[in-house]
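Asker: Sharing a structure with you now.
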Amino acid sequence: MKIIIIGSGKLGRTLAEQLTQEDHEITMIDKNASRVQYVVDRLDIMGIHGNGATVPVLEEAGVSDADLVIAATAEDELNLLACLIAKRVGARNTIARVRNPEYIDVMSLVKEDLGLSLSINPELACALEMSRILKFPSMITVDTFAKGRVEILQFEIGKGSPLAGMKLREVSRFKKRILVCAVERPDGSVHIPSGNFTIHAGDKISIVGDSSHIPKFLSQIGMMKNTVRDIIIVGGGRIGYYLAKQLIASDVSVRIVENNMERCHQLADLLPKADILFGDGTDQQLLIEAGIEKADAFASLTGLDEE
């Protein structure tokens, strides 16, 4: 595929690196000439210095022959404009990075008008993944489909599980809309089970089902004992906000520690059900006062990896 990436920041570079490994033809566009040159020298791709939301620059990149244009700059509005223009001048598919929470609800309304194949919010995707892990801490893997309405989970059957020794057809006694779609045995063999298949302790089973039924089913078989009901989040940026919003909707008690007073006031307005604490998340005494010793979970989501 011929792919044009607009924006050579962390996301753009990571995309270029992964797509190059898959033997796609990549062209990188960025206003910063030195960043473009750095990526070109490192990945051996084509680079163009310029504004990716202008027709001449897109035409220089060969947009009319492009299978995909990915706009991944730090500016949502620029990404949307770049995708609109790219689509109008011949790109087959376009993807825009849109991070602002204010745009989330309206994207479905303007997606077709902008010619977008997909809009993606990396921070929201990250928060949703964290939320799934916190929602089902005993699971090995958790994935969602159909915009969150269907979930697929994998977990190991313990010796005391009510499923141990049970034939698959007997699982219907729980009267929940779930389906056991695969079973991995301790020896590594994988089975697509029929109704006569017997589940044993040590098996790793994958189930798929209605997101409203799965928690009830897991509760019936004793897999919801370690659910998170109280969490402290350090960092009130986009990921922290999205995660808090998801957890509050699941009736989780949320406390956010943020070291920017202005952002604390914003979060207090956006998340009235959360407790917003002003201070340094690396301050041990502050964390103790926030109730760290009694919290079920802790998430450190500042912009500094080392912190």
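Asker: Do the conditions hold for residue 112, that is, is it surrounded by fewer than 13 Cβ atoms within 10 Å (Cβ to Cβ), modelled with pLDDT under 85 and acidic (Asp, Glu)?
Answerer: Against the criterion (surrounded by fewer than 13 Cβ atoms within 10 Å (Cβ to Cβ), modelled with pLDDT under 85 and acidic (Asp, Glu)), residue 112 qualifies.
Asker: How about segment 172-273: which helices (runs of 4 or more DSSP H) wholly inside it have at least 1 residues that are aliphatic (A, V, I, L, M) and modelled with pLDDT of 85 or more?
Answerer: Here the list reads 238-249, 261-270.
Asker: Would you please list the contacts, defined by Cβ atoms under 6 Å and residues six or more apart or on different chains, that run from a residue in segment 154-175 that is under 10 Å from residue 221 (Cβ atoms) to a residue that is of a type in the set (Asp, Glu) and modelled with pLDDT of 85 or more?
Answerer: Short answer, once both residue conditions are applied: 157/203.
Asker: Take segment 284-307 and flag every residue that is in a loop (DSSP other than H, G, I, E, B) and under 22 Å from residue 228 (Cα atoms).
Answerer: Within segment 284-307, 291, 292, 293, 294, 295, 296, 301, 302 meet the criteria.
Asker: Continuing with this model, one more query. Within the group 62, 50, which residue is crowded, with 16+ Cβ neighbours inside 10 Å, farther than 15 Å from residue 15 by Cβ, touching a helix residue (DSSP H, G or I) at 6+ places or on another chain (Cβ under 9 Å) and not hydrophobic (A, V, I, L, M, F, W, C)?
Answerer: Of the residues listed, the single one that is crowded, with 16+ Cβ neighbours inside 10 Å, farther than 15 Å from residue 15 by Cβ, touching a helix residue (DSSP H, G or I) at 6+ places or on another chain (Cβ under 9 Å) and not hydrophobic (A, V, I, L, M, F, W, C) is 50.
Asker: Among the residues of segment 175-202, what is the count of those that are in contact with a helix residue (DSSP H, G or I) (Cβ under 8 Å, 6 or more places away or on another chain) and surrounded by 13 or more Cβ atoms within 10 Å (Cβ to Cβ)?
Answerer: Residues in segment 175-202 being in contact with a helix residue (DSSP H, G or I) (Cβ under 8 Å, 6 or more places away or on another chain) and surrounded by 13 or more Cβ atoms within 10 Å (Cβ to Cβ): 7 in total.
Asker: Looking only at residues in segment 286-306 that are farther than 19 Å from residue 264 by Cα and without any contact (Cβ under 8 Å) to a residue 40 or more places away in the chain, which one is most open to solvent (accessible area, probe 1.4 Å)?
Answerer: Going through the qualifying residues, I end up with 306.
Asker: Filter segment 1-42 for residues that are of a type in the set (S, T, N, Q), open to solvent by less than 10 Å² (accessible area, probe 1.4 Å) and under 15 Å from residue 97 (Cα atoms) and give the result.
Answerer: 8
Asker: Residues that are closer than 30 Å to residue 266 by Cα and of a type outside the set (Lys, Arg): list the strands (runs of 3 or more DSSP E) wholly contained in segment 65-120 that include at least 2 such residues.
Answerer: In segment 65-120, 94-97, 118-120 are the strands (runs of 3 or more DSSP E) which contain 2 or more residues that are closer than 30 Å to residue 266 by Cα and of a type outside the set (Lys, Arg).
Asker: Considering only segment 231-285, state which residues are among the hydrophobic types (A, V, I, L, M, F, W, C) and out of contact with any strand residue (DSSP E or B) (no Cβ under 7 Å at 6 or more places or on another chain). Break it down stepwise before answering.
Answerer: Restricting attention to segment 231-285, the residues satisfying the condition of being among the hydrophobic types (A, V, I, L, M, F, W, C) are 231-234, 239, 243-244, 247-249, 252, 254, 256-257, 261, 264, 267-268, 270-271, 274, 276-278.
239, 249, 270, 271, listed by residue number.
Asker: Output the number of the condition that residue 126 fails; it satisfies all remaining conditions of (1) modelled with pLDDT under 80; (2) in a helix (DSSP H, G or I); (3) within 28 Å of the chain's Cα centre (by Cα); (4) not small (Gly, Ala, Ser).
Answerer: Every condition holds for residue 126 apart from (1).
Asker: Right, another one. For segment 275-283, state whether one or more residues are open to solvent by 50 Å² or more (accessible area, probe 1.4 Å), part of a helix (DSSP H, G or I) and without any contact (Cβ under 8 Å) to a residue 24 or more places away in the chain.
Answerer: Looking through segment 275-283, none of the residues is open to solvent by 50 Å² or more (accessible area, probe 1.4 Å), part of a helix (DSSP H, G or I) and without any contact (Cβ under 8 Å) to a residue 24 or more places away in the chain.
Asker: Further question: In segment 65-81, which residue that is closer than 12 Å to residue 118 by Cβ and over 20 Å from the mean Cα position of the chain (by Cα) is most open to solvent (accessible area, probe 1.4 Å)?
Answerer: The extreme case among them is 68.
Asker: Please identify the pairs in which a residue from segment 199-224 that is under 23 Å from residue 187 (Cβ atoms) has its Cβ atom under 6 Å from the Cβ atom of a residue that is open to solvent by 20 Å² or more (accessible area, probe 1.4 Å) and among the acidic types (Asp, Glu), counting only partners at least 6 apart or on another chain.
Answerer: 204/156; 204/184
The values are calculated or read from the model by the stated rules, or taken from the named source; none is laboratory data. Just so it is clear, the structure is predicted and the values come from calculations on it, not from any experiment. Using ideal geometry, Cβ is built from the backbone for each residue, glycine included, and neighbour counts are taken over all protein chains shown. Note: accessible area is taken over every heavy atom of the protein model, side chains too, but ligands, DNA and RNA are not part of it. Shrake-Rupley method; radii C 1.70, N 1.55, O 1.52, S 1.80 Å.
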